[in-house]
Amino acid sequence: AVVSTQSGHYGRVECFIAEQNMVGVSLGCGARNRTIPFCSTFATFFTRAMDQIRMAAVSQSQLNMVGSHCGVSIGEDGPSQMALEDIAAFRAIPNLVYFYPSDAVSACRAVELAANYKNMTFIRTSRPATPVIYANDETFEIGKAKIVKESAEDKVLVIGAGITLDSAMKAHSSLQGKGTNIRVMDPFTIKPLDKEAVLKHAKECGGRVVTVEDHYPEGGIGEAVAAVLSNADFITKHKMLAVREIPRSGPPAVLLDMFGISANKVEDAVMDLIE
């Protein structure tokens, strides 16, 4: 757990393999606004502390959590270390903002926004290196998505985050070379999701949407987007790419393809919608 005080000093508390205790220590440090606490571990291990997290929300506490090593993209560490349920779990926590940055710049901005948010936050971070796609002075807001690839001829809206935003951007480059344009959205926050942006850009792409996520389908980005599209006043076609079985250990690129969330799989989904 890392805490910063109002005077600008920083402290670190090592809690070892005791995630419940780590969350409790962070909550104590943040009581009465004495510090701005951040606690960090592998995202999947926060499930051990869900009772403390739930009660922290009931108490309207300030708590910032950073969950790393999410999804199959961590590779060789194997399924016991792969967070594939965390989006579903944390979307259900009241007043919590769920950040999912996709590069170093957006991760930095997520930490800044989290530190200034009065309730609870969760920042989902990936293990693999991802390209820096934003300028250092790019501004971010809670609940506001970014469009990272766009043209007037876009046929499909593709929504990805973290490592799967990279999959979407690679698919964009490949499809563009074949004469097909897609629009790529980075949601930045999964909760709150930018509903207005989803509907606006889905409509401009003919109602065709692909979501791709390094997470199980239940409770993830795809279902959050599907809930938004259910209220659309136009016809929509939505393909959800997600990890649909218990994964295995292996090289990250191999696992992304094996479990259906690689750039190649995004391309296939796009073409299925168009055809």
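The values are calculated or read from the model by the stated rules, or taken from the named source; none is laboratory data. Treat the numbers as computed from the prediction; the structure is a model and nothing was measured. Positions of Cβ are generated from backbone atoms using ideal geometry, with glycine treated the same way; all protein chains shown enter the neighbour counts. Areas reflect the complete protein model, heavy atoms only, side chains present, ligands, DNA and RNA absent. Shrake-Rupley method; radii C 1.70, N 1.55, O 1.52, S 1.80 Å.
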- prompt: Can you give the relative contact order of the stretch 189-275 as a percent, counting alpha carbon pairs under 8 Å and 6+ residues apart?
  reply: 29
field: Orientation-averaged projected area, Cα convex hull of the stretch 34-104 (nm²)
entry: 5.5
query: Of the residues 56, 135, 31, which exhibits the maximal mean-square fluctuation in a Gaussian network model of the chain defined by a 10 Å Cα contact cut-off?
result: 135
- line: The local net charge around residue 94, scoring Lys/Arg +1 and Asp/Glu -1 for residues other than residue 94 whose Cβ lies under 14 Å from its Cβ, equals +4
- request: Select from 40, 128, 60 the residue farthest towards the positive end of the dipole of the stretch 30-148; place +1 on Cβ of Lys and Arg, -1 on Cβ of Asp and Glu, and compute about the Cα centre.
  value: 60
- request: Give me the accessible area per residue for the stretch 1-131, probe 1.4 Å, as a whole number in Å².
  value: 45
- request: On the protein heavy atoms, probe 1.4 angstrom, tell me the percent of accessible surface of the chain carried by carbon and sulfur.
  value: 51
Calculated [θ] (222 nm, deg cm²/dmol) that DSSP helices of n ≥ 4 give over the chain, each run adding -39,500 (n - 2.57): -10000 deg cm²/dmol
task: Work the Kirkwood hydrodynamic radius out for the stretch 1-133: mean of 1/r over every pair of different alpha-carbon atoms, inverted, in Å.
output: 15.0
query: Taking all pairs of different Cα atoms in the stretch 167-275, averaging 1/r and flipping that mean, what Kirkwood radius in angstroms comes out?
result: 14.5
- prompt: Using alpha carbons only, what's the Rg to Rh ratio of the chain with Rh from Kirkwood?
  reply: 0.98
message: Kirkwood Rh and Cα-based Rg: tell me the resulting Rg over Rh for the stretch 88-195, rounded to two decimals.
response: 1.00
- request: Taking the Cα centre of the chain as origin, sum charge times position over the Cβ atoms of Lys and Arg (+1) and Asp and Glu (-1), and report the length of that vector in debye to the nearest 20.
  value: 560
query: Rounded to the nearest 5, what % of the DSSP beta bridges within the chain are antiparallel ones?
result: 30
- prompt: Cross-link partners among aspartates and glutamates for residue 191, C-alpha distance below 14 Å, same-chain residues fewer than 8 apart left out?
  reply: 86, 141, 223
